[in-house]
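**Student:** Here's a structure for you.
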Amino acid sequence: MSEHVIKMPDIGEGIVEVELVAWRVQAGEQIAEDQIVADVMTDKATVEIPSPVKGRVLALGAEAGTVMRVGSELIRIAVDGEMAAVKPAVMPAVMAEAPAPSASAGASSPRPPAPPAMTQSTAASASQPAQRPNETPAGRPSDRPIASPSVRRQAWELGVDLAQVPASGPAGRIMHADVEAYAAAHPASLTPQSGGGALAQPAAAAPAAARRPTRQSRGDGVEAIRIVGLRRKIAQKMQEAKRRIPHFSYVEEVDVTELEALRQQLNQQHGASRGKLTILPLLARAIVRALADFPQLNARLDDEAGVLNRFDAVHLGVAAQTPAGLMVPVLRHAEAHDLWSCAAEIRRLAEAARSGRATRDELSGSTITISSLGALGGIVSTPVINHPEVAIVGVNRIVERPMMRGGQVVGRLMMNLSSSFDHRVVDGQDAAEFIQAVRAMLECPATLFID
């Protein structure tokens with residue numbers, strides 16, 4: 001029996017180690033050529049590792065959550081199709097080769113037990129001819145259909161049960177077109193996740209006693225959730241930012257009444273042809289114009305080399321919440337965008353991040369960041385700087401408040417900007433003057449368009 005070893009690939013960009021996020025296969029499982037065997041993560045980009053050969057999995061190199069070096073053994077596969085019982089085991093050499101996670105993520109977990117040897121029934125099932133849509137290549141029912149994160153999200157939004165979708169991709173992989181075709185052919189079976197529909201209907205026929213809430217003890221159980229993947233990357237980055245950067249925050253309120261009136265007017269006139277504007281493109285334009293007078297804020301600090309790198313171009317990070325966690329896609333050359341191209345690119349980047357399709361280049365290289373939670377933005381926040389940048393502008397929610405104008409109390413739309421700065425290179429006066437420059441343009445939006 002010959003063996004094929006898949007090693008952790010070199011993903012590029014000088015990366016020497018990646019995190020093994022999840023296994024898509026198990027020891028003893030028969031796999032097809034080009035079938036995805038594992039998900040790995042570098043920075044904030046998840047990469048799927050396919051198998052270049054057809055065969056049976058003999059051993060997995062490490063457990064999910066392990067940080068592995070590029071070139072270390074990831075998985076071993078028997079490639080001759082022979083189904084003799086071979087006891088698979090986790091490879092000790094690989095486990096020793098993989099470095100332990102950083103201290104912030106806790107100590108390395110104990111080595112998993114060796115998987116059981118293959119049984120004769122498992123070997124026999126592997127010889128079954130045809131692979132049906134919801135079965136593995138070995139003929140066993142699949143516990144989890146093979147699909148990318150973006151396909152799973154598409155199915156969730158449409159209310160499609162992936163287990164029922166015939167797969168057209170390699171090795172039984174479900175594609176976007178498969179989900180769309182199933183949704184079009186079975187509209188009655190869909191349960192869209194929109195907060196309504198059949199899932200939200202109460203059981204009206206149930207007896208009143210059955211619907212009456214009861215107070216019960218929840219017991220003493222504890223669920224241990226290992227922090228892996230994107231969540232661990234976020235934790236490490238936040239810890240590094242707070243540990244290395246002496247933050248100070250500056251909060252200012254902004255009267256956005258005129259800005260909102262302009263935005264609504266622009267949407268009414270051009271929304272159908274150019275797309276709707278949110279407040280973010282207007283704020284991005286104000287920040288870009290203010291940075292021309294405060295170049296020390298459009299910078300990244302290499303504190304190990306003692307060098308502050310100022311940038312001519314504004315690569316604006318826009319913090320976005322995704323199902324996997326917080327990501328910061330980058331609007332490159334924000335200074336070259338008009339309002340509508342800025343809005344379109346922010347929408348595209350946010351959707352790419354939410355669906356898991358954002359590339360590594362789209363998630364790195366920002367020089368200053370905007371953070372906004374929209375209607376959930378609260379009154380004041382203390383945003384954490386996106387290391388190694390030196391400034392972040394936080395947007396709070398817009399509320400109508402009574403304000404004094406010309407000796408009279410009038411209702412005005414007010415919004416707070418909560419911003420944080422790196423006090424090693426940004427003085428309080430510079431931070432205050434920068435935010436006041438942004439505020440002045442937002443309160444008199446005509447100045448956004450005057451060169």
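The values are calculated or read from the model by the stated rules, or taken from the named source; none is laboratory data. A quick note: this is a predicted structure, and the numbers were derived from the prediction, not measured. With ideal geometry, Cβ positions are generated from the backbone for all residues, glycine too; neighbour counts draw on all protein chains shown.
**Student:** Does region 78-88 include one or more residues that are at pLDDT 90 or above and either surrounded by fewer than 17 Cβ atoms within 10 Å (Cβ to Cβ) or more than 24 Å from the chain's Cα centre (by Cα) (or both)?
**Tutor:** Taking every residue of region 78-88 in turn, at least one turns out to be at pLDDT 90 or above and either surrounded by fewer than 17 Cβ atoms within 10 Å (Cβ to Cβ) or more than 24 Å from the chain's Cα centre (by Cα) (or both).
**Student:** Residues that are surrounded by fewer than 17 Cβ atoms within 10 Å (Cβ to Cβ), aliphatic (A, V, I, L, M) and not assigned by TED's automatic domain parsing to the domain that holds residue 46: find the helices (runs of 4 or more DSSP H) completely inside region 255-360 holding 1 or more of those.
**Tutor:** Counting at least 1 such residues, we get 257-274, 339-355.
**Student:** Test residue 390 against the criterion of being in contact with a strand residue (DSSP E or B) (Cβ under 6 Å, 6 or more places away or on another chain), loosely packed, with under 14 Cβ neighbours inside 10 Å and within 15 Å of residue 250 (Cβ to Cβ), and give yes or no.
**Tutor:** Taking the combined requirement at face value, the residue does not satisfy it.
**Student:** If the Cβ limit is 9 Å and pairs must be 6+ apart or interchain, which residue in region 375-393 that is assigned by TED's automatic domain parsing to the domain that holds residue 415 pairs with which residue that is acidic (Asp, Glu) and surrounded by fewer than 19 Cβ atoms within 10 Å (Cβ to Cβ)?
**Tutor:** 387/240; 388/302; 388/303
**Student:** Which residue, of 244, 226, is surrounded by 10 or more Cβ atoms within 10 Å (Cβ to Cβ), out of contact with any strand residue (DSSP E or B) (no Cβ under 7 Å at 6 or more places or on another chain), at pLDDT 85 or above and over 30 Å from residue 449 (Cβ atoms)?
**Tutor:** The match here is 244.
Residues checked against (1) closer than 23 Å to residue 372 by Cα; (2) of a type outside the set (D, E, K, R):
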position: 218; (1), (2): no, no
position: 227; (1), (2): no, yes
position: 234; (1), (2): yes, yes
position: 254; (1), (2): yes, yes
position: 291; (1), (2): yes, yes
position: 309; (1), (2): no, yes
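**Student:** Residues of region 402-432 being within 11 Å of residue 252 (Cβ to Cβ) and either assigned to a helix (DSSP H, G or I) or free of Cβ contacts under 8 Å to residues at least 40 places away in the same chain (or both), which ones?
**Tutor:** 431, 432 - these are the residues of region 402-432 that are within 11 Å of residue 252 (Cβ to Cβ) and either assigned to a helix (DSSP H, G or I) or free of Cβ contacts under 8 Å to residues at least 40 places away in the same chain (or both).
**Student:** Kindly indicate whether residue 399 is within 18 Å of residue 280 (Cβ to Cβ), part of a strand (DSSP E or B) and either outside the structural domain of residue 11 (by TED's automatic domain parsing) or in contact (Cβ under 8 Å) with a residue 40 or more places away in the chain (or both).
**Tutor:** Yes, satisfied.
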